[in-house]
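The values are calculated or read from the model by the stated rules, or taken from the named source; none is laboratory data. These numbers come from a predicted model, not from an experiment. Cβ atoms come from the backbone with ideal geometry, glycine included; neighbour counts cover every protein chain shown. Remember, those area values only see protein heavy atoms, side chains included, never the ligands or the DNA or RNA. Shrake-Rupley method; radii C 1.70, N 1.55, O 1.52, S 1.80 Å.
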Amino acid sequence: MKGLNKLGKVITKILEVFHWVGAALMTAATVCSMVAPDWVKYFVGFDAKDCCGADLEVYGFEVNAPVTDGNADMLTFMLFGIGAIIILVVMAMVFRNLYLIFKKSENATPFQKDNVRMMREIGIFSIAVPVVGFIMSVIIRLVTGVETAELSIDTAGVFMGIIVLCLTQFFVHGTELEKDVDGLL
């Protein structure tokens, strides 16, 4: 079990750092999309085709930005970038909380008040990812027009969040039982 805990800590920390780096790069690309559109290609690689558009995607939030003369529409890219930054930050927080749960449970019981709070946050963050995607999809449609961008979101995060929130209730019960046992000793 200790080996699994150690592996979990390493993997979740790596994924947290990757998401923070991804959010920083996406922030730079989003700023460049309005300030210096030619620089966007240094941060984000996408295949822009006049016939099909540029496919942009992060965690199920998809935007097919229109392409003119081999260049993606930068307004659509900027709006996608805002949503992508929020989603990447939320996912970084999920992995941060997972890391902290592994760390706090290393030499103690996992049934701790802080772990319950962090699990609840993970559930909320998981639900927030498709919600942010949906809200940004609506904003992109309103700002760029109905025919400008094709949009898609994945709602799997909602179901995962509900599952995590349900599991949190078992940890609440475990925390109460742990407290009762400690009170008897």
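Straight Cα distances below 28 angstrom link Lys9 to the lysines Lys103, Lys104, Lys113, Lys179, with same-chain residues fewer than 8 positions distant left out. Length available on full extension from Val31 to Leu165: 0.36 nm per residue minus the Cα-Cα distance, which gives 44.7 nm. Recomputing semi-axes √(5λ) of the Cα gyration tensor in Å from the coordinates shown identifies the correct label among [x] 31, 30, 14; [y] 33, 21, 17; [z] 41, 17, 11 as [z]. At the residue level, Phe125 shows approximately 50 square angstrom of accessible surface with a 1.4 angstrom probe and all protein chains present.
Helices meeting the span-like rule in the chain (full DSSP H runs, Cα extent of at least 20 Å along the helix axis, mean Kyte-Doolittle score of 1.6 or higher): 74-104. Annotation note: GluC sites (Glu not before Pro) in region 67-163 located in DSSP loop regions with a Cβ neighbour count of at most 14 within 10 Å are Glu106, Glu147.
Work out, step by step, the length gained on full extension between Val21 and Leu7: first 0.36 nm times the residue separation, then minus their alpha carbon distance; give nm to one decimal. List each step's numbers first, then the result.
Working: separation 14, 0.36 × 14 = 5.04 nm, distance 2.12 nm.
Extra length available between Val21 and Leu7 comes to 2.9 nm.
The calculated FRET efficiency for Glu176 paired with Lys104, based on their beta-carbon distance and R0 = 25 Å, is about 0.90.
Modelled label positions at Asp114 and Val138, each set 7 Å beyond Cα in the direction of Cβ, lie 3.7 nm from each other. Taking each DSSP H run with n ≥ 4 as -39500 (n - 2.57) and averaging over every residue of the chain yields -24500 deg cm²/dmol at 222 nm.
Across Val116, Val132, Val172, mean-square fluctuation computed from a Gaussian network of the chain (C-alpha pairs under 10 Å connected) peaks at Val172.
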